[in-house]
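Note sheet for the following structure.
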Amino acid sequence: MGKEELFAIFTGIWIPFLGTALGAACVFFVKNEIRESVQKSLLGFASGVMVAASVWSLLIPAMDMAGHMGKFAFVPAVAGVSTGMLFLFLMDKLIPHLHLGSDDPEGPKSGLARTTMLVLAVTLHNIPEGMAVGVVFAGLLTDNSPISVAGAFALAIGIAIQNFPEGAIISLPLKSSGKPRKTAFSLGVLSGIVEPIGAFVTILLVNVISGMLPYLLAFAAGAMLYVVVEELIPESARGSHSDMGTLGFALGFMVMMALDVALG
């Protein structure tokens, strides 16, 4: 692979982080916290993007790569999804964190500050997203991969789009709670740094993971789906304006599906 392709990979894995940073920058331009109806819409939108990305960008390529297994081409997808969900389940139990709109921390008891646990909650979201981007771009470096550069960028752009509201949703409440704008912005950005780090590590291990790529694509999909079902959808459906979360989900799903089909 030439320098242009390597530059494209380097650029692609930073795109989702840029979405988080731009969302966090809303603290400098938005005076008040996001209205509940808008927040529900954004949570639903993020859910729709992640579900569509899991199907079109991760699971379908995983099964295509396992086509030589015939009727059992579903095995890597099933194994990867179940393992990815189990991994996020364990992280959910082992890492103390606090979801937005909740007063009860999850995970083991700790003396961590509320702000720290809020950032850890968003960071847990971003782990599977960083893995997904890393695995897809790593697929470009392997032989006989159905993943194209355009398809990899479609996933990166889709995740960046849904990271924008996530960055805003974490930074604006921090500003409203009394944190200085720069501090709220920094914490919002920090929550997304795990994505390029995870992507870089995955790509560095490409020679080791090439034979496991179908399983890893499905693993990332399972982890993303766990976040959607366990957290994003319940948060968007809690209380009033739940219909806005549903409409946001539909829009996010269609946007990511269109991106993947058009660019992939």
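The values are calculated or read from the model by the stated rules, or taken from the named source; none is laboratory data. Everything numeric here is computed off the predicted structure, so don't read it as measured data. As a convention, Cβ positions derive from the backbone with ideal geometry for all residues, glycine included, and neighbour counts pool all protein chains shown.
A few notes on this one:
- Residue in the stretch 158-169 that is among the charged types (D, E, K, R) and more than 27 Å from residue 63 (Cα to Cα) present: yes
- In the condition set (1) in contact with an Asp or Glu (Cβ under 9 Å, 6 or more places away or on another chain); (2) under 24 Å from residue 248 (Cβ atoms); (3) modelled with pLDDT of 90 or more, residue 49 is compliant with all but (1).
- Within the stretch 71-91, considering residues that are closer than 15 Å to residue 58 by Cβ and without any contact (Cβ under 8 Å) to a residue 12 or more places away in the chain, the one surrounded by the fewest Cβ atoms within 10 Å (Cβ to Cβ): 74
- Selected residue [part of a helix (DSSP H, G or I) and either among the polar types (S, T, N, Q) or under 21 Å from residue 131 (Cβ atoms) (or both)] from 19, 44: 19
- The selection criterion, being surrounded by fewer than 13 Cβ atoms within 10 Å (Cβ to Cβ) and of a type outside the set (Ser, Thr, Tyr), holds for residue 94.
- Test: residue in the stretch 143-154 that is among the acidic types (Asp, Glu) and over 14 Å from the mean Cα position of the chain (by Cα): yes
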